[in-house]
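Visitor: Pasting a structure here, questions to come.
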Amino acid sequence: MLPLIEAYPPPSIKGKYIKIKYCTQLPNTQIPSFVFYANLPQYVKENYRRFLENKIRENWDMHGSPINVFIRQK
């Protein structure tokens, strides 16, 4: 996922650049849940969350199953 995020970074807001440092999958959850750690998670828009969710579905063939995407402070 990180090469994809580097190729298509989140848009800057108010002159601040959002950097996603790393991502991980949460263990022991019924719904596949992924956490992305960023420097400014409050500025990541819903459009970019959907973009990440769609790319996860494409890369790991999770079509039709719900996915949780969280963005947290590093």
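Visitor: Contact list please: Cβ distance under 6 Å, first residue in region 35-63 and over 13 Å from Pro9 (Cβ atoms), second residue of a type in the set (S, T, N, Q) and open to solvent by 50 Å² or more (accessible area, probe 1.4 Å), pairs at least six apart or on different chains.
Guide: Pairs found: Val35/Thr24; Pro41/Gln73.
Visitor: With the checklist (1) open to solvent by less than 100 Å² (accessible area, probe 1.4 Å); (2) closer than 17 Å to Leu2 by Cβ in hand, flag the one item Ile13 doesn't pass.
Guide: Evaluating Ile13 over (1) open to solvent by less than 100 Å² (accessible area, probe 1.4 Å); (2) closer than 17 Å to Leu2 by Cβ leaves (2) as the failure.
Visitor: Could you tell me how many of the residues in region 24-41 are within 18 Å of Asn68 (Cβ to Cβ) and either open to solvent by 50 Å² or more (accessible area, probe 1.4 Å) or part of a loop (DSSP other than H, G, I, E, B) (or both)? Lay out the reasoning, then the answer.
Guide: To start, the set of residues in region 24-41 that are within 18 Å of Asn68 (Cβ to Cβ) comprises 24-38, 41.
If we keep only those that are either open to solvent by 50 Å² or more (accessible area, probe 1.4 Å) or part of a loop (DSSP other than H, G, I, E, B) (or both) as well, we get 24-32.
Qualifying residue count for the region: 9.
Visitor: With the requirement that a residue be open to solvent by less than 80 Å² (accessible area, probe 1.4 Å) and out of contact with any Cys (no Cβ under 9 Å at 6 or more places or on another chain), what does region 42-53 give you?
Guide: Tyr43, Val44, Tyr48, Arg49, Phe51, Glu53
The values are calculated or read from the model by the stated rules, or taken from the named source; none is laboratory data. All values reported here derive from a predicted model rather than from experimental measurement. All Cβ positions, glycine included, derive from the backbone under ideal geometry; neighbour counts span all protein chains shown. Heads up: the accessible areas ignore ligands, DNA and RNA and are worked out on the full protein's heavy atoms, side chains in. Shrake-Rupley method; radii C 1.70, N 1.55, O 1.52, S 1.80 Å.
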